[in-house]
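Trainee: Quick one: this structure, given as C-alpha cells, is what I'll be asking you about.
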Amino acid sequence: MNIKFAHLTDIHLPIREKPKLSALANKRVLGFLSWSRRRIDLHKQAACDVLAADMAAQGCDAAVISGDLVNIALPAEFEDARRWLDDRFEGVPTVFAPGNHDTYVRTDWRRTLGLLSPYMVGVRTGQDDAREATGFDDFPFLRHFAGAEDAAFIVANSAPSTAPGLASGRLGDEQIARIKQMLIDTRRQFQVLVLHHPVNDGVEPARKALSDREKLRKMIAETGVDLVLHGHTHAPVFGAVETPSGLAPVIGGGSASHPYGRGKYRPARYNLFSLSKLQGGRWRLELAIRELDPDKNTVVTIESRRYERYATE
C-alpha cells in the first residue's frame with residue numbers, strides 16, 4: 001500500500017467585507033480588530049492558492065487540514081471557505097479538524113461549521129458507515145481513503161469556544177475515550193491522529209495550550225499511534241510522543257498562508273507525506289516540506305525527513 005497525502009493548517013482565509021456592527025457584539029470584535037490591524041498582512045490567500053495548486057500537481061491521494069480555515073467564525077466566512085475548498089481541493093479527498101478560530105464563538109452549526117460537513121466525513125463510534133458530521137458531538141471520526149485502507153485517519157476537535165483572550169484547547173474525557181477505542185480498533189493500521197492544538201508541553205503558553213494534553217499522551221503511551229498532526233502555532237513544530245512501539249512523530253505545520261517569513265515564522269508551507277507499507281509489519285513515512293518561494297511565487301522542497309514504524313501488536 002502506498003498513499004501520498006498533504007497536511008495544511010492555519011489558512012485564515014480573508015474576511016472579505018467589514019461585518020455589520022451587530023455581528024461584532026461579542027468576542028468577535030477583538031478578533032476583527034486583530035485581523036484588521038495585524039493578521040490581514042500576515043495571511044494572504046494568494047500564498048495558500050499557490051500551495052493548493054502545488055499539492056494538486058504532486059498527485060496527492062488525500063489532504064488533511066488541521067484547523068483555522070477562517071478567523072472569527074462568521075457565517076459569511078464559512079460560505080467563502082466552502083467555495084474555496086470546493087475549488088482548490090476538487091478531486092482530492094480531504095478531511096478537516098476545527099481550530100480555535102473556526103469555533104471562535106458559539107454559533108449555529110448549520111450556518112457555520114456545518115457548511116464544511118463534506119470535509120468531515122467518517123465513521124463514528126458505534127456506527128458502521130461513513131457520514132458527514134452533523135454537530136460538535138460527531139468528533140472524533142475515523143476516515144479511510146480509497147486505495148489506502150490500511151491508513152487510519154482519526155480526526156478530533158480540540159477547539160471548544162473560549163472566553164475573550166483565550167485560544168486554549170480541550171478534548172474532554174469522552175472524546176479521548178473515543179480516540180482510544182478507534183486506536184484499538186485500527187491497531188494494525190498506520191494511525192494518524194489529527195487535531196488543531198499541540199500535544200507536547202512547552203509549545204504554547206497556557207492560554208493557548210491543550211489543557212488535557214497530558215491525559216491524551218498517557219492514553220497514547222498505553223494504546224499507540226503512528227503520527228500526530230496539528231496546527232495552531234503558525235510555525236513548524238517537530239516533536240514525539242511515547243507509544244508501546246517507541247516514539248512516534250508529532251508534526252505541527254507552519255501556516256499555509258504567510259506570504260513571507262517573519263521571525264520564528266516561515267513563508268507559506270505544507271507537509272507532503274508518502275506512506276509505504278513494507279514487509280515484516282513495517283511502515284515507511286517520507287516527509288517533504290514544501291514551502292513558498294515568495295520571490296519566484298513557486299513552491300520548493302526545503303527539507304526532507306524519513307520515519308519508520310512497526311505495526312503495534
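Trainee: I'd like the residue in segment 112-156 that is charged (D, E, K, R) and surrounded by fewer than 14 Cβ atoms within 10 Å (Cβ to Cβ) and, out of all such residues, is nearest to LEU285 (Cα to Cα).
Mentor: GLU149
Trainee: Is there a residue being over 24 Å from PHE96 (Cβ atoms) and in contact with a helix residue (DSSP H, G or I) (Cβ under 7 Å, 6 or more places away or on another chain) anywhere in segment 189-198?
Mentor: No, there is no match, as no residue in segment 189-198 is over 24 Å from PHE96 (Cβ atoms) and in contact with a helix residue (DSSP H, G or I) (Cβ under 7 Å, 6 or more places away or on another chain).
Trainee: When you scan segment 49-64, do you find a residue that is touching a Leu at 6+ places or on another chain (Cβ under 7 Å), of a type in the set (D, E, K, R) and touching a residue at least 60 places away in the same chain (Cβ under 8 Å), even just one?
Mentor: Looking through segment 49-64, none of the residues is touching a Leu at 6+ places or on another chain (Cβ under 7 Å), of a type in the set (D, E, K, R) and touching a residue at least 60 places away in the same chain (Cβ under 8 Å).
Trainee: Restricting attention to segment 173-190, report how many residues are assigned to a loop (DSSP other than H, G, I, E, B) and either touching an Asp or Glu at 6+ places or on another chain (Cβ under 7 Å) or modelled with pLDDT under 95 (or both).
Mentor: Result for segment 173-190: 3.
Trainee: From the residues in segment 259-280 that are touching a residue at least 40 places away in the same chain (Cβ under 8 Å) and small (Gly, Ala, Ser), which one is surrounded by the most Cβ atoms within 10 Å (Cβ to Cβ)?
Mentor: So the residue we want is ALA268.
Trainee: Give segment 263-300 a look and list any residue that's of a type in the set (Val, Ile, Thr) and within 14 Å of GLY253 (Cα to Cα), or say none. Please lay out each step first, then the result.
Mentor: Taking segment 263-300 and keeping what is of a type in the set (Val, Ile, Thr), we get 289, 298-300.
Scanning segment 263-300 gives a single hit, ILE289.
Trainee: Listed residues ARG217, ARG282, ARG262; which is under 21 Å from LYS4 (Cα atoms), more than 16 Å from the chain's Cα centre (by Cα) and not hydrophobic (A, V, I, L, M, F, W, C)?
Mentor: Just one listed residue meets the conditions, ARG282.
Trainee: Continuing with this model, one more query. Is it the case that some residue within segment 81-95 is part of a loop (DSSP other than H, G, I, E, B) and under 19 Å from VAL192 (Cα atoms)?
Mentor: Within segment 81-95, one or more residues are part of a loop (DSSP other than H, G, I, E, B) and under 19 Å from VAL192 (Cα atoms).
Trainee: If LYS18 passes every condition in (1) part of a helix (DSSP H, G or I); (2) modelled with pLDDT under 95; (3) surrounded by fewer than 18 Cβ atoms within 10 Å (Cβ to Cβ) but one, which one does it miss?
Mentor: Every condition holds for LYS18 apart from (1).
Trainee: Out of segment 170-185, which residues are surrounded by fewer than 24 Cβ atoms within 10 Å (Cβ to Cβ) and either in contact with a His (Cβ under 9 Å, 6 or more places away or on another chain) or touching a residue at least 60 places away in the same chain (Cβ under 8 Å) (or both)?
Mentor: ARG170
Trainee: Something else: Filter segment 96-140 down to the residues that are assigned to a loop (DSSP other than H, G, I, E, B) and polar (S, T, N, Q), then identify the one that is farthest from the chain's Cα centre (by Cα).
Mentor: Ranking the candidates gives GLN127 first.
Trainee: For segment 236-261, what are the residues that are farther than 23 Å from TRP84 by Cα and aliphatic (A, V, I, L, M)?
Mentor: Answer for segment 236-261, where residues must be farther than 23 Å from TRP84 by Cα and aliphatic (A, V, I, L, M): VAL237, ALA240, VAL241, LEU247, ALA248, VAL250, ILE251.
Trainee: When residues of segment 215-232 are filtered for being surrounded by fewer than 21 Cβ atoms within 10 Å (Cβ to Cβ) and in contact (Cβ under 8 Å) with a residue 12 or more places away in the chain, how many remain?
Mentor: Qualifying residue count, segment 215-232: 6.
Trainee: Then there's this: Does ALA256 satisfy the criteria of being in contact with a His (Cβ under 6 Å, 6 or more places away or on another chain), surrounded by 13 or more Cβ atoms within 10 Å (Cβ to Cβ) and under 22 Å from SER66 (Cα atoms)?
Mentor: no
The values are calculated or read from the model by the stated rules, or taken from the named source; none is laboratory data. In this text the structure is predicted, and so the values were computed from the model without any measurement. Methodologically, a virtual Cβ is constructed for each residue, glycine included, from the backbone with ideal geometry; neighbour enumeration extends over all protein chains shown.
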